[in-house]
Amino acid sequence: MSKQAVHQQLNRQIKQEKVQHHLLKAVDEIRVKHPTMAIRYLYYMIKPDHQQMMGRDLFEVFCKQHHLTRPRIPSYIKTTDSQGVIRFENLLMYQKPSRIDQYWQSDISYYQVNGIYYYLTFIVDAYTRHIVGHHTSKRLLTT
């Protein structure tokens, strides 16, 4: 190895350490306001100027090596209650709606307001995809 190659390698290593130090400082600043933000979002928020030195995947590896990841918090929201549910066969599997109000479909979703979860049920016309009816409840029941 020539002297020039050794110095070039040392310069690259010093530059890379500076970039890593800058990224560690930036991640720490963001973690103060957003303690549970995923590292991929951190990458896009920081938008490292030295992308030729560290791309997205290498940034994620770097964060994992420096224990900057946060455990994923599982969601304990129930959107289905399968106890005692009667399953019906899909009578419309090979049917296509040809007019309004021929077939209706239903879907359920949930949202949170002030720490309270509400369940929202929609009835949708299969032909027009317009909402025909809806219902909101604090519980996952139809009554």
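Worth a mention:
- For the stretch 1-74, alpha-carbon Rg over 2.2 N^0.38 Å: 1.30
- Pairwise centroid distance, computed over Cα atoms, of the stretch 87-121 with the stretch 1-29, Å: 55
- Summed over qualifying helices (DSSP H, 4 residues or more, each -39500 (n - 2.57)) and divided by its residue number, the chain shows a 222 nm mean residue ellipticity of -11500 deg cm²/dmol.
- Per residue accessible area in Å² of the chain, where ligands, DNA and RNA are left out and the probe is 1.4 Å: 85
- With eigenvalues of the C-alpha gyration tensor scaled by 5 and rooted, the chain, Å: 54, 20, 14
- Comparing 63, 44, 9 along the charge dipole axis of the chain, the residue lying farthest to the positive side is 9, per the Cβ-charge model.
The values are calculated or read from the model by the stated rules, or taken from the named source; none is laboratory data. As the structure is a computational prediction, the values presented were derived from the model and not from experiment. So basically every Cβ, Gly included, is an ideal-geometry build from the backbone, and we count neighbours across all protein chains shown. We work out accessible area using only protein heavy atoms, side chains counted, and drop any ligands, DNA or RNA first. Shrake-Rupley method; radii C 1.70, N 1.55, O 1.52, S 1.80 Å.
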